[in-house]
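In what follows, a structure is listed as structure tokens, so that the remarks can point back to it.
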Amino acid sequence: MKQLLENDFLKHYGVTSTIAIDCLSIIDVDFDLDDEGSPISLKTLGKGKASFHNDNGELEIVHYEDFINQCAKPRSFKKGRKKCDYLLYHTTTPKTVVLLEITSALGSRANLKKPITHKTTNKPLYKGGKFEKCEDQLFQSLSTLVEVPSISGKLNEYTRRICLMAYTIKPVQTWLQLILKFCRPFARYLAIEAKETPGEGASIECPRIEGLGFEYRRIEHQYVFRL
């Protein structure tokens, strides 16, 4: 996949920028990711913002947001283009490919639904809040990828094709609560958001993502997503 991004993707979109793709190959079974800038940094399970369990062999992680940010020429390609945080995929067997967007809210899930407005004009951008924004970022990222024939073909080889919104609810805490939190060990495997789909988060209906051959799922950070 990395080679397809380096060659076919750039050629398809006429990108002339010099690109250095941030791609990490791992065999770690349990790990966390954060929504940080490049370079990719794995976290101990439970210490980031999205938790994963992988027992299906080598996995590659591409910092997709950083990749698109580097595609600065021509300006028309990057301008207004939405991008998710990461692209994860198995390399030894075509088991799972995931487009990942990480987000958070303070206090409760209800705050993920708060409308997002433009910082200066106050114009509504996402009436459905971060839920809507993440879905849009994932859909636009997937749309950008499948426009490249060779990448579309590669994605279709995978058994599980998922767009995943991983979210953290940050509690409003006192100093005592914070101390207790860091003293409490992270539960290795918790029940997932939807019991009907263990280890896969909650399945969310999304016709436009499904129309491109992917599932749309959401998972809260206290749960572990199985790759």
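The values are calculated or read from the model by the stated rules, or taken from the named source; none is laboratory data. None of these values were measured; they are calculated from a predicted model. Methodologically, a virtual Cβ is constructed for each residue, glycine included, from the backbone with ideal geometry; neighbour enumeration extends over all protein chains shown.
Key figures for this structure:
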{"quantity": "Search result, residues across the range 49-61 that are within 13 Å of the chain's Cα centre (by Cα) and without any contact (Cβ under 8 Å) to a residue 60 or more places away in the chain", "calculated": "ILE61"}
{"quantity": "Per-region count, the range 92-133, residues surrounded by fewer than 15 Cβ atoms within 10 Å (Cβ to Cβ) and at pLDDT 90 or above", "calculated": "2"}
{"quantity": "LYS127 farther than 16 Å from ASP22 by Cα, out of contact with any strand residue (DSSP E or B) (no Cβ under 7 Å at 6 or more places or on another chain) and either of a type in the set (A, V, I, L, M, F, W, C) or without any contact (Cβ under 8 Å) to a residue 12 or more places away in the chain (or both)", "calculated": "no"}
{"quantity": "Single unsatisfied condition, GLU36 versus (1) touching a residue at least 12 places away in the same chain (Cβ under 8 Å); (2) assigned to a loop (DSSP other than H, G, I, E, B)", "calculated": "(1)"}
{"quantity": "Within the range 45-77, tally of residues that are touching a strand residue (DSSP E or B) at 6+ places or on another chain (Cβ under 7 Å), under 16 Å from TYR223 (Cβ atoms) and assigned to a loop (DSSP other than H, G, I, E, B)", "calculated": "5"}
